[in-house]
Each structure stands twice: as structure tokens, then as C-alpha cells.
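What follows is a single structure, written as C-alpha cells, with notes after it.
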Amino acid sequence: MNIFRILGDVSHLLAMIILLVKIWRSKSCAGISGKSQILFALVFTTRYLDLFTIFISVYNTVMKVIFLVCAYITVYMIYMKFHKTFDREHDSFRLEFLLVPVTGLSFLENHSFTPLEILWTFSIYLESVAILPQLFMISKTGEAETITTHYLFFLGLYRALYLANWIWRYHTENFYDQIAVVSGVVQTIFYCDFFYLYVTKVLKGKKLSLP
Amino acid sequence: ETEGPVKDEL
């Protein structure tokens, strides 16, 4: 466990907590893509099936359970508890455009052709594109609440820190997982445009709105 | 085909 990895995990956790706090405090999930949150719940569910098959560490198990619980509470808030505030009209990204290629690719390019391994690969590929419905929603409405941008910032930061973690692990342990690394790079690229807007607008006290 | 590295990451 290196500093990039632990900071990455903390960013990831912080992102999910920021989102939950935003929804809970404002009693509203306006501006949040329910579809992205469903995809993240699906990502964690298919990736963490190894909770039943292998024990890695207390940290690993506890974090996985927390991530799963946070993801499902978020989905519950959006589609059940505060569903009246959910902006269904603007959350119109077609999920099949992501799910079909991701499913196909996870069958074609994986470490081994076993159910758990394919589901893990599926989760890695899906995570790399899961934020797209959210980014699509922002580009459609042309704006995002500042707290939503903080959520996106920490989610992107988590991925960028994981890249640093992989570079570190490659040099110190010769650890290298091609599927995770390539997907991680793709995922981080999706955030670059947003990072730019975050730094030039939100950090200067302006609301994120697109021209 | 071999399985990938140990999946100790989240």
C-alpha cells in the first residue's frame, strides 16, 4: 500500500460521501444522473463478488462493503426516497450504448475465461465509462451545482491517483495489470475537460456553467 | 490463459 493508493481510496470515499451529503442535506438529487449511480452500483457488485471467495485484508473487505453500501444508498435516494426531485428528463443517456460494448469487450479481452474473472473485467471496463451519463447530463443542462462539481473532482482525482499508484507499483513491485491500467487511463481522460473547468471556474468561486 | 495479478485494489 503506497501513499497514492491510500489517497486514491480516500478521494473515492470522499466523493461518494459528498454526493450522499448533498442529496441528504438538500433533500434533492437534482442535477445527479441516476443512470451513472446505477452503473457504479453495478460496477461494485460485479467487482466485489470476490468478497465471498478470497480474503485479502481487513482494509480491503471493509472498504468494499462501505463502497457497496454507499452506492446502493445513493441509488435508493435517487429512485425511491427523493425520486420526485430526480431530473429524469435530462438523464437521457442510452445505457445500452455503454453496456453492450462493455459486455462484449469483457468476454473478448480478459485474464481468464471464468465467470468471476469476466465479471471483474466487466466492472473495470464499465467503471471507465460509468460517469458518462453524468457528464452528458451536465452538458445537456449546461450547468452543475458547485457541490456536484466537488463530487466529480474527487471521483476524477481518485482515478488520477490510481494511475500514480500503478506507476509506483510497476517500479517497486513489478506489478502491472494491463486491463486495469488501460481502463484507468481512459477513465481519467474523460475527466480532463472537467478538471480544466473545475480549476478555471469553480476554484475561483464561479458556478460551473457551459457556454 | 493465466489469471491476472492478485486483485488487492478497490
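Within the option set A:Leu126, A:Leu108, being surrounded by 15 or more Cβ atoms within 10 Å (Cβ to Cβ), hydrophobic (A, V, I, L, M, F, W, C) and closer than 24 Å to A:Ile189 by Cα holds for one residue only, A:Leu126. It is to be established whether one or more residues within region A:107-118 are within 16 Å of A:Leu49 (Cβ to Cβ) and of a type in the set (Asp, Glu). Within region A:107-118, one or more residues are within 16 Å of A:Leu49 (Cβ to Cβ) and of a type in the set (Asp, Glu).
Counting only residues that are within 12 Å of another protein chain (Cβ to nearest Cβ), in a helix (DSSP H, G or I) and surrounded by fewer than 18 Cβ atoms within 10 Å (Cβ to Cβ), region A:169-178 holds 3 of them. No other residue among A:Ile179, A:Ile189, A:Ile124, A:Ile131 is of a type in the set (A, V, I, L, M, F, W, C), more than 24 Å from A:Tyr48 (Cα to Cα) and under 17 Å from the mean Cα position of the chain (by Cα) apart from A:Ile189.
Give me the pairs, please: first residue somewhere in region A:194-211 and hydroxyl-bearing (Ser, Thr, Tyr), second residue anywhere and part of a helix (DSSP H, G or I), beta-carbon distance under 8 Å, and either six or more positions apart or on two chains. These pairs meet every condition: A:Tyr198/A:Thr149; A:Tyr198/A:Leu152; A:Tyr198/A:Phe153. Within region A:1-29, the set of residues being assigned to a loop (DSSP other than H, G, I, E, B), among the hydrophobic types (A, V, I, L, M, F, W, C) and either touching a Lys or Arg at 6+ places or on another chain (Cβ under 9 Å) or at pLDDT 95 or above (or both) comprises A:Cys29 only. In this structure, does A:Ile6 turn out to be more than 12 Å from every other protein chain (Cβ to nearest Cβ), on the phi < 0 side of the Ramachandran plot and not small (Gly, Ala, Ser)? Here the answer is no, as A:Ile6 does not meet what is asked. The condition of being over 22 Å from A:Leu155 (Cα atoms) and among the aromatic types (Phe, Trp, Tyr) does not hold for A:Phe86.
Taken over region A:30-51, residues that are in a loop (DSSP other than H, G, I, E, B) and polar (S, T, N, Q) amount to 1. Scanning region A:23-80 for residues being more than 18 Å from the chain's Cα centre (by Cα) and not aliphatic (A, V, I, L, M) gives a total of 13. The condition of being of a type outside the set (Phe, Trp, Tyr) and free of Cβ contacts under 8 Å to residues at least 24 places away in the same chain holds for only one of A:Arg5, A:Arg47, A:Arg25, that being A:Arg25. Among the residues of region A:187-196, is any farther than 26 Å from A:Ile78 by Cβ, aromatic (Phe, Trp, Tyr), out of contact with any Ser or Thr (no Cβ under 7 Å at 6 or more places or on another chain) and within 14 Å of chain B (Cβ to nearest Cβ)? Scanning region A:187-196 turns up no residue that is farther than 26 Å from A:Ile78 by Cβ, aromatic (Phe, Trp, Tyr), out of contact with any Ser or Thr (no Cβ under 7 Å at 6 or more places or on another chain) and within 14 Å of chain B (Cβ to nearest Cβ).
The values are calculated or read from the model by the stated rules, or taken from the named source; none is laboratory data. If you're wondering where the values come from, they're calculated on a predicted model, not measured in any experiment. Cβ: placed from backbone, ideal geometry, glycine included. Neighbour counts: every protein chain shown.
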